[in-house]
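One structure is given below, encoded as structure tokens.
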Amino acid sequence: MIERQLWHPVVASLQVRDAPLACTLLGEPLVLWREPRHEGEAGRVHAWADRCPHRGAQLSLGRVLLHVRGARLECPYHGWQLAGDEAAAQDAPVSVGRCVHVPADPAFVPPVGHSATVFEAQERYGLVWVRLSPPGPELPGPLNEVPLFEQGSDRAWRQVLCGPYGLQTSAPRLVENFLDLSHFGFVHEGWLGERSHAQVQTGQVLEQAEGLIASDCRAWQPRAYAGASACGTEGAWVAYRYAVPHPFAAVLRKDAALGDPVSNAIALFIRPDTDQSCTAWFAMATLGDSASDEALRAFQDAVFAQDRPVVESQMPKRLPIGRERPASEVHSPADRMSGAYRRYLSRLGISLGVT
Ligand code: FES
Ligand code: CO
């Protein structure tokens, strides 16, 4: 399954604190845990299968220990200790996940096979990302670059994470909604569009192996909304640029223009939970917006609440990407980006959440 070879967001970084946390990715129960802070630095996050190699108890019910050699995860059942990053220990470094102590027999030296199943984990954009299998050669890099959201890439840009939003539809349905300009005048009337100005410009769509880019997309906005702040009372054409760097992620960018001092970028990141359900976050980066973080979140929550009933009503919940005959959905020229997105999923061999 190609989806196992992609990086997926699982929870917000801030949620992984002192105690282990259970979550599920693509049907795989995971335990996330963070090594205690060290010299002011937040400790490394680990993502392992949520199952003790001894008798199968859930490791997420255990606790994090700080041993002199490094941080360990202790199983709730018989107290076996599984190593975090103990490679720093000079004598006999051990691999991550390996059992290093069995309290019922302290003299026992557990062999290599006495290990938790360890997955790759990294933190980016305020989220913990996990990859379940090593990558196949034909897939794009970890996340591709979304430089505006990189820590410290440009301090003038403020970052705000919104979500999580649990949704009863597939991840591809939600990505397609995010790329869709022509619903603004109806679903977001008075906010992002107006039904009397429903015409859109779909711009140029560049289809590359590693993702999609659409530039010069234009929609009419009633009050040139930018994040949570309404700039000006006149409507205006607003230009957007979209990128799809990952099958279940998309980035929207709007640059400051005449009479509108705000630039912003919104990245949609999705954890695919099942074929027909997912969890989403919006990572926002804004420049020149005086609205508070809370106001930006409230705006995003309100917009998402407008999308939710429509997107959850779409049938089938899996996105038809053109494999079925006869085709179950029809298109208009304004759907150019969605057509490109469907072809992209098909090219990558995505099977989760599509039909
Ligand atoms: Fe984990 Fe026994 S089941 S220590
Ligand atoms: Co919408």
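The values are calculated or read from the model by the stated rules, or taken from the named source; none is laboratory data. These numbers come from a predicted model, not from an experiment. Glycine also receives a Cβ, built like all others from the backbone with ideal geometry; neighbour counts cover every protein chain displayed. What goes into the accessible areas is simple: the full protein's heavy atoms, side chains included, and nothing from ligands, DNA or RNA. Shrake-Rupley method; radii C 1.70, N 1.55, O 1.52, S 1.80 Å.
Overview of results
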item: For the chain, the longest site-free run once GluC sites (Glu not before Pro) in DSSP loop states with at most 14 other Cβ atoms within 10 Å are removed; result: 40-137
item: Sulfur and carbon atoms: percent of accessible area, the chain [1.4 Å]; result: 53
item: Estimated translational D of the chain in µm²/s (Stokes, Kirkwood radius over Cα pairs; 10 °C; 1.306 mPa s); result: 72
item: Angle in degrees between helix 336-348 and the longest Cα principal axis of the chain, rounded to the nearest 10; result: 30
item: Probe 1.4 Å, protein heavy atoms only - accessible area per residue of the range 1-115 in square angstrom; result: 51
item: Longest segment of the chain lacking chymotrypsin sites (Phe, Trp or Tyr not before Pro) that sit in a DSSP loop with at most 15 other Cβ atoms within 10 Å; result: 109-355
item: Debye log10 I(q)/I(0) for the range 1-117, one point scatterer per Cα, at q = 0.11, 0.20 Å⁻¹; result: -0.36, -1.12
item: Phi-based couplings in Hz for the range 295-312 (Karplus 6.51, -1.76, 1.60; Gly and Pro marked x); result: 5, 5, 5, 5, 5, 5, 4, 5, 5, 5, 5, 6, 6, 3, x, 6, 5, 6
item: Accessible area (Å², per residue) of the range 280-355, counting only protein heavy atoms and a probe of 1.4 Å; result: 48
item: Long-range Cα-Cα pairs in the range 273-355 (distance over 16 Å), rounded percent; result: 67
